[in-house]
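Novice: Submitted below is the structure of interest, expressed as structure tokens.
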Amino acid sequence: MRQALALHQAGRLTEAEALYRKVLDARADHAPALHFLGLLLHQSGRSADGLALIQRSVRVQPGNADFLNNLGTVLRDLGHTKAAADQFRKAVALKPDNLAARDNLASVERQLGRFDAAKEVLRATIGRHPFHIRARIGLADTLQETGHIDEALAVFREALSIRPKDAEVLHGMGVALMEKGDLAGAAEHFRAALAVDATRAVSWQLLAQVKPQREGDGELSAMTAAHDKAPADSQARMQLSFGLGKAHDDLKDYGRAFGFFLEGNAIRRKEMAYDGDRTRAEFAAMKATFTKDFFDRRKPSAISDDTPIFVVGMPRSGTTLIEQIIASHPQVFGAGELTILRSAVGKGFPLDMKGGFPAGIATMPDKAFADAGHDYLDMLTKRYPGYRHVTDKMPGNFLLVGFLHMMLPKAKIVHCARNAVATCLSIFKTNFRGDGHRYGYDLAELADFHNLYVDLMEHWRTVLPGVVHDVRYEDFVADQEGQSRALIDWLGLPWDDAVLAFHKADRQVRTASAAQVRQPMYKGSVDLWKQYGDSLQPLIGRLK
């Protein structure tokens, strides 16, 4: 067994597997052999067989916290997040000082949207292990995710008092300051992180994001050198490509900028599992389900609550700007990109529902929509109690307008539109957090997705006339006050001059527009796409 473990650790998996199996031939219930052979099979792509062996090992040794933690890790890797959380929780109960299990439990609680539970785990970890920096970073990140930016900054400051030269903490503090709107402070902390680790690509990328590049300087040269040394197709190379693309865009060197954006997108696309045919089928199913006849026959819920204001549209179409304008009103809290609508829809109308999703809703009672609407409001008011209105700015919710109208008919839906080429170029220039925009890293796929979006929005206008209020980015740039007044009036809010000074609003912004939205409205970005000339022909030729 010791020899098998040594071979496994050395990466000699075939030899290790043979020895594990030899142990099991001699003793079929040998828990360590079952467990580590299961891990080996999972690592080598045979996850179903590996999971079965790991589960057997846990049945043999149910009190082994490390086995439970590893079982949770494999379940999480396979997408069974709730089951993973159960195993991590058992591991922590058995061995409260198991830091790996504690970190894993907090992580999956966040994945499941159970942020209060995640914070409870992380605070307990810090209480037991005050110098465990990962728990402090996790707590700060969770506080940011739930809109408690000032508390997050306080946690980062505590972490820096313990480890002032920790590049990860310095970077995290920079991100928090960027979301808070302190771009100079953010740049200072990204630079401090790079002073500790000059190869930290993500810090270079975000420094470029918050720093206007006015001329060639030492930082641009250092970022270029780091890019050239980064391995081809590596995450570091990708992040540095996006950073250099932004810097050269600032310098109006659009040819070089596009070359960097092409490289960054190509690397990111390789790690993305995106199926354009499946996306087309999802859009078609939504149109086929929510027809004019459907809305003629069905009644929306009787929920009269108009607390939420939904802002939808393509990313980089002005959704963050419009939310910032609305959230500058004293009666509105800007919550940013929330996932709770998808959670409410997913709970009420699961993917495996009878008849399939979304077609199966044709046979479901109207009460199902009311129940989903109440679930949404319960989640919203629990997270943001006491506000008259709360903005929910998840751009992709344009796909769920039919659900939205049936669930919360009094809620306002604002749709942001922008020139198609400008929108797509801005997406192509952005390395998004997470993998929610998988279509965005290839010009042809990006154009196809934008065409589907335009077609679906036209469908909603046809079957639900007057339900969605359209605003155009270019119109706001041309006439900020006139458009702002019209928007505030449509929302049914009294006019307040604060909406004209949206860039001064003291609120957290967690999107790719965190830096831009801190500036007064400017016209420079309206026709910027034209500077990229022939480079965009593969996109322009495919857009409808």
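Novice: Within region 126-141, which residues are of a type in the set (K, R) and farther than 9 Å from A159 by Cβ?
Specialist: Within region 126-141, R128, R134 qualify.
Novice: If I go through region 422-460 residue by residue, how many of them are of a type in the set (A, V, I, L, M, F, W, C) and open to solvent by 40 Å² or more (accessible area, probe 1.4 Å)?
Specialist: Total meeting the criteria: 1.
Novice: Go through region 66-95 and give me each residue that's open to solvent by less than 50 Å² (accessible area, probe 1.4 Å) and not aliphatic (A, V, I, L, M).
Specialist: F67, N69, N70, G72, T73, T81, Q87, F88
Novice: Any residue at all in region 350-372 that is under 27 Å from E282 (Cα atoms), of a type in the set (S, T, N, Q), open to solvent by 50 Å² or more (accessible area, probe 1.4 Å) and in a helix (DSSP H, G or I)?
Specialist: Yes, the conditions are met somewhere in region 350-372.
Novice: Would you check which residues across region 96-124 are open to solvent by 30 Å² or more (accessible area, probe 1.4 Å), more than 19 Å from the chain's Cα centre (by Cα) and of a type in the set (K, R) and list them?
Specialist: R123
Novice: Follow-up. Specify which of the listed residues (A31, A6, A100) is among the small types (G, A, S) and under 21 Å from G138 (Cα atoms).
Specialist: Result of the check over A31, A6, A100: A100.
Novice: Please go through region 151-167 and pick out each residue that is in contact (Cβ under 8 Å) with a residue 24 or more places away in the chain and either farther than 30 Å from G334 by Cβ or open to solvent by 70 Å² or more (accessible area, probe 1.4 Å) (or both).
Specialist: Matches in region 151-167: I162, R163, K165, D166, A167.
Novice: Return the residue satisfying two criteria in turn: it lies in region 22-42 and is in contact with a helix residue (DSSP H, G or I) (Cβ under 7 Å, 6 or more places away or on another chain) and of a type outside the set (A, V, I, L, M), and of such residues it is surrounded by the fewest Cβ atoms within 10 Å (Cβ to Cβ).
Specialist: D29
Novice: Let me ask something else. Can you confirm whether G172 is within 22 Å of R114 (Cα to Cα) and out of contact with any helix residue (DSSP H, G or I) (no Cβ under 6 Å at 6 or more places or on another chain)?
Specialist: It is false that G172 is within 22 Å of R114 (Cα to Cα) and out of contact with any helix residue (DSSP H, G or I) (no Cβ under 6 Å at 6 or more places or on another chain).
Novice: Within region 293-349, can you find the residues that are under 22 Å from P465 (Cα atoms), open to solvent by 10 Å² or more (accessible area, probe 1.4 Å) and in contact with a Leu (Cβ under 9 Å, 6 or more places away or on another chain)?
Specialist: Within region 293-349, F295, P300, S301, I303, D305, D306, T307 meet the criteria.
Novice: Now a separate question. Out of all the residues in region 52-65, is one or more touching a residue at least 60 places away in the same chain (Cβ under 8 Å), touching a helix residue (DSSP H, G or I) at 6+ places or on another chain (Cβ under 7 Å) and open to solvent by less than 60 Å² (accessible area, probe 1.4 Å)?
Specialist: The answer is no; no qualifying residue exists.
Novice: Can I ask one more? Scan region 223-245 for residues that are more than 21 Å from the chain's Cα centre (by Cα) and touching a residue at least 40 places away in the same chain (Cβ under 8 Å) and jot them down.
Specialist: Passing the criteria: only G245.
The values are calculated or read from the model by the stated rules, or taken from the named source; none is laboratory data. These numbers were taken from a predicted model, which means no experiment stands behind them. Because the Cβ atoms are built from the backbone with ideal geometry, glycine has one as well, and the counts that use them run over all protein chains shown. The protein model used for the area step is the full one, side chains on, heavy atoms only, and it has no ligands, DNA or RNA in it. Shrake-Rupley method; radii C 1.70, N 1.55, O 1.52, S 1.80 Å.
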